[in-house]
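Notes follow the structure.
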Amino acid sequence: MKIKFRLNGKMVTDEVVADTPLLEYLRSKGCYSVKRGCETSNCGLCTVLMDGKPVLSCTTLAVRADGKEILTLEGLQKEAEEFGGFLADQGADQCGFCNPGFIMNVIAMTKELEDPTEEEIKEYLAGNLCRCTGYQGHLRAIQAYLEAKQGGIL
Amino acid sequence: MKNQFVNKPVRKKDAMALVTGKPVYTDDIAPKDCLICKVLRSPIAHGIIEEINTAIAEKVPGVECILTYEDNPGGRFTMAGQTYPEPSPYDRLILDKRVRYVGDAVAIVAGDDEKAVDKALKLIKVKYREIPAILDFRTAKDNEILVHPEEDWKSLCPVGADNKRNLCASASDALGNVDEILADCDFVVEGVYHTKANQQAMMETFRTYSYMDTFGRLNVVSSTQVPFHVRRILSNALGIPKSQIRVVKPRIGGGFGAKQTVVTEVYPALVTMKTGKPAKIIYTREESQIASSPRHEMEVTVKVGANKDGKIRAISVYTLSNTGAFGEHGPTTVGLSGHKSIPLYSGLEAYRFSYDVVYSNVCSAGAYRGYGATQGIFAVESAVNELAAKLHMDPVKLREMNMVREGMIMPAYYGETANSCALDRCLSRAKEMIKWDEKYPCKDMGNGKVRSVGVAMAMQGSGISSCDVGSVTLKVNDDGFYSLMVGCTDMGTGCDTILAQMAADCLDCDLDKIVVSGVDTDVSPYDCGSYASSTTYVTGMAVVKTAEKLREKICENGAALLQVEKEEVEFDGNRVFVPGGPEISLKDIANQAMCNNTNALEVTEQHSSPVSPPPFMVGMVEIELDKITGQYEILDYVAVVDCGTVINPNLARVQTEGGLVQGIGMAMYEDVIYNEKGKNYSSSFMQYKIPTRLDMGTLRVEFESSYEPTGPFGAKSIGEIVINTPNPAIAHAVFNATGLWFKELPITPEKVWRGLHGKN
Ligand code: FES
Ligand code: FES
């Protein structure tokens, strides 16, 4: 099937097999930040933005991208570096395998929620699993990041 | 030597690549023309392949090869990544005629794409002769059904293994007469504690790719903790010389011990050997859940005896461990269940520790953070908490009376002395942090809910004494930057960074001047790998030794260039100088070493330690439990850790938090469940739930450091100990809320509800 969509700012026209998941398709296009951690939509590692909304690319067909704008971390390098620095300053980057999906969702959250509480943060990101950090470092990083943003440091 | 970086929370060197999603993991860098490999798995728990027909499957367009037991190239080997001769028995073939668990490998299919391979997998016809399976490990020892009846089964070490008795290992160790002392005690508690298999569930599943290089050698790139062991294991499995194999480790998406077993490497390697083509295998989450290297299920029987004043006099531990279909890490994990639980208590008049490790027809177990200590500490710490309840004594006070302290000899820990031990400070600090005296044992919230607290202590080791080897190469390059080459494996833990922190301090230079590289078995210095909490302690010491030698060499070259004696000069990191006299910069020394020089500015040193100093910690938890539903949640978890000098406080803290949450998962709901036919029901993240960020309450971690005289900068280990306290602390808190002891993990709300409503 033919699809036409915007990937990380660039228009792409392509032929895709109908049952290709968006995840595999994006990786085949060199978007290696998109990771797979499960087959059951449980881990959130595959999160990308579709028209600004986080979606699980493992359970979204590539054809659904047609006419849409898809952003992966490759297209959000500045934001990734900005928040990622806070994560790194906690040592909470750890193995890093969950980082792209998690950071995609953090970026989406900061756009969607204004001044979120700890509970709201945890709930927004509940679908992003991480086996290394125990999540507490994530929370410290997010709070420091939000503070810096509010304080106009970023 | 200035302390510029050690004990500082510096960023991990690879941090920015990781947070920006750079392609640094195995599957990101695999050649695009790799054959895709998949494994056909046994649907039965025990049987013999009588017939396997691949003719139709081979006709599927795109299928390159289908390999069965007839193609098995080498003899029996173990997949356990351990120092040779491995204690784990040589009991497997890459592909065997006998299948031993649901999920065991039956055939390998390789093809151009996934669809072709999937289709071929479905078209392979296998006829099995089923054999009754051993699914309850309590019935395994001396069962007439044998999991490994084969004559070429081999145990390389005297671990008490006997395949004709389904025994993977068996031994005992004792001091004094335990039975006599127990009989003489005022109080004895006795319990049988059952811990289940658990999955490490690292986010990056097992994966490997392989190809033949310019020199006709097999190159293997793998997400592994043990590259050098992989080389040996592949040589055993494939029947080719080690010289023909090179193993490279890129970034790893988590290991936690899982990748101390060579789970996937053999499959693409065999395909590449047979076809000459690059091949890769990426395990699905399902495969990672059912055909991997989970924690050993154990049943630990504990007796603790004490006088009425609270003096603990004797402890006995018997552990029955389930190694599953193969013996990976079977003989070694079990040892920690006693050797790293009993020594928490000092002044025992007697102890006994004995164990059996048995084969059964479930997935082979492996190494998982804590490595047996987790299971043993759940049992012993729970028994001590029960003892406190029987004595009507505060369990913290009971521990204060009996715990091991600095300078004490630990007879059950191979007679080692606790040269560095701040366990007492950990306990008092944890008690303060959680406000133990106010909260113990519980508070009724008046709405059907109870808040209660629980406590546990833990220890681990720092590397395997007189066994683990770490080596490091340091060299000076142009302009005076350094290469630090290591053979240990950073799996997200940050060891590349902390070793660079140590090197920078030893060489009085900036962290940026140290370039770290690892691991490539062709060029990295030998290291047994990152497991057994060894890297900071063992490889760290190798860094210290290497840097010392390199400083000497820098001084030698500097002195020669200055035309003075070596003894006259000093090195301050930037220059070699005679105090009050001439000097030459490191930059000049480095550049001049590249012309007409015979004293290479490169050093390799190795370290191994005769002791394995334990880190210690205390964990205290506060939970809120609903007495009507049995549901409970973690409100607060405080952990105070003595890992000696903390090399990087951020990384040590996150290690601790990560380990705590894995422990919380194990205590509360992570469970590998088999049905009556041996099929693993916990085959996805849908069924096998690991904690999300809504499940861990608030974690608060502090350090109470001792100084370990045999460690680099006074450091001990941190990686594993951190998983050990949640099980007993949570079980204790549940008791304090309900009056019920739960001795089988996980302690699910359903079990609590059944207990509370008399439905057990
Ligand atoms: S890969 Fe796990 S949710 Fe998409
Ligand atoms: S950092 Fe390893 S899974 Fe999150």
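Using a simple spin-label model with pseudo-atoms 7 Å out from Cα toward Cβ, residue B:142 and residue A:17 lie 5.7 nm apart. Cross-link partners of residue A:68 among aspartates and glutamates, defined as those whose alpha carbon lies under 14 angstrom from its own and excluding same-chain residues fewer than eight positions apart: A:14, A:51.
Here region B:418-552 is treated with +1 on each Lys and Arg Cβ and -1 on each Asp and Glu Cβ, and its dipole about the Cα centre works out to around 980 debye. Shown here: region B:225-326, whose C-alpha atoms stretch 71, 31, 28 Å along the first, second and third principal axes, sorted largest to smallest.
Using only the C-alpha atoms, the convex hull of region B:525-578 corresponds to 88 Å³ per residue. Three principal axis extents of region B:1-79 based on alpha-carbon atoms, in descending order, are 68, 32, 24 Å. Buried surface between chains B and A: roughly 4200 Å² of accessible area, summed over both sides, computed with a 1.4 Å probe on protein heavy atoms only. Please find the FRET efficiency linking residue B:561 to residue B:466, where r is the Cβ-Cβ separation and R0 is fixed at 35 Å, and quote it to the nearest 0.05. After rounding, the FRET efficiency stands at 0.25.
Go through region B:375-453 and name the trypsin sites (Lys or Arg not before Pro) that are in a DSSP coil and have 16 or fewer other Cβ atoms within 10 Å of their Cβ. Filter output for region B:375-453: B:405, B:435.
When the inverse distances between all different Cα atoms of region A:2-74 are averaged and flipped, the Kirkwood radius reads 11.9 angstrom.
Compactness check for region A:76-150: Cα Rg over 2.2 N^0.38 Å is 0.97. Across region B:267-371, Cα pairs under 8 Å and at least six residues apart give a relative contact order of 32 percent. Averaging 1/r across all pairs of distinct Cα atoms in chain B and inverting the result yields a Kirkwood radius of 27.1 Å.
Take each residue of peptide B:684-697, count the partner chain Cβ atoms within 10 Å of its Cβ, and average: the result is 5.
Shielding of peptide B:282-295 by partners, expressed as the average count of other chain Cβ atoms within 10 Å per residue Cβ, is 1.
Dividing the Cα radius of gyration of the protein assembly as shown by its Kirkwood radius returns 0.97 for Rg/Rh. From most to least packed by mean Cβ count within 10 Å, the peptides B:456-466, B:573-583, B:677-687 give B:456-466, B:677-687, B:573-583. The residue B:242 and residue B:29 beta-carbon pair, evaluated with R₀ = 30 Å, returns a calculated FRET efficiency of approximately 0.80. Mean separation of Cα pairs under 8 Å and 6 or more residues apart, divided by the residue count, gives region A:2-74 a relative contact order of 42 percent.
The rule of thumb for compact globular proteins, 2.2 N^0.38 Å, goes into the C-alpha radius of gyration of region B:442-549 1.55 times. Taking a ≥ b ≥ c as the square roots of the eigenvalues of the Cα gyration tensor of region B:719-760, is the shape rounded (a/c under 1.5), prolate (a/b larger than b/c) or oblate? Prolate, because a/c is 1.5 or more and a/b exceeds b/c.
Selection among A:33, A:8, A:18 by position relative to the dipole of region A:2-74 gives A:8 as farthest towards the positive end (Cβ unit charges, Cα centre). Percent of C-alpha pairs per 5 Å bin in region B:71-225, short distances first: 1, 6, 9, 13, 16, 16, 13, 10, 6, 4, 2, 2, 2, 1, 0. Between residue B:392 and residue B:744, the modelled labels are 3.3 nm apart [label points 7 Å from Cα along Cα→Cβ]. Dipole size of region A:26-139 about its Cα centre, with +1 on Lys/Arg Cβ and -1 on Asp/Glu Cβ: approximately 680 debye, rounded to the nearest 20.
Note on region B:320-467: antiparallel DSSP beta bridges, both residues inside, total approximately 60 percent of the bridges counted. Think of region B:280-435 as having a plus end and a minus end, set by charges on the Cβ of Lys, Arg, Asp and Glu; of B:395, B:363, B:335, B:395 sits farthest toward the positive end of this dipole. Summarising the label geometry, the points placed 7 Å from Cα in the beta-carbon direction at residue B:526 and residue B:212 lie 2.9 nm from one another.
For region B:1-45, backbone nitrogen atoms closer than 11 Å to the point 7 Å from residue B:570 Cα along Cα-to-C-beta are found at B:1. Label zone (residue A:6, point 7 Å along Cα-to-C-beta; backbone nitrogen cut-off 15 Å) within region A:18-53: A:49-53.
Sorted into 5 angstrom bins from 0, the C-alpha pair distances of region B:265-395 split as 2, 10, 17, 15, 13, 11, 9, 7, 5, 4, 3, 2, 1, 1, 0 percent. Over all Cα atoms in chain A, the spread is summed up by Rg and Dmax: 15.6, 48 Å. Here region B:25-65 yields Rg over Rh of 1.10, to two decimals, using C-alpha coordinates and the Kirkwood radius. Computed from point charges on the beta carbon alone (+1 for Lys and Arg, -1 for Asp and Glu), the dipole magnitude for region A:76-150 about its Cα centre is near 300 Debye. Residues whose amide H comes within less than 5 Å of that of residue B:202, counting only those at least five positions distant or on another chain, are absent (H built at 1.01 Å from N in the peptide plane).
In the structure shown, the pairs B:13/B:242; B:689/B:743; A:10/B:12 are assessed against 22 Å; a Cα-Cα span above that value is assigned to B:13/B:242; A:10/B:12. Summary value for chain B: 15 percent relative contact order, contacts being C-alpha pairs under 8 angstrom separated by 6+ residues.
Residue B:664 contributes about 0 Å² of solvent-accessible surface, heavy atoms of the protein only, 1.4 Å probe.
Across the residues of B:7-13, average count of Cβ atoms on other protein chains within 10 Å?
3
Computed extension length for residue B:311-residue B:48: 89.1 nm, one decimal, from 0.36 nm per residue of separation with the Cα-Cα distance subtracted.
The values are calculated or read from the model by the stated rules, or taken from the named source; none is laboratory data. All values reported here derive from a predicted model rather than from experimental measurement. We place every Cβ from the backbone using ideal geometry, glycine too, and count neighbours over all the protein chains shown. Heavy atoms of the whole protein, side chains included, go into the accessibility calculation; ligands, DNA and RNA do not. Shrake-Rupley method; radii C 1.70, N 1.55, O 1.52, S 1.80 Å.
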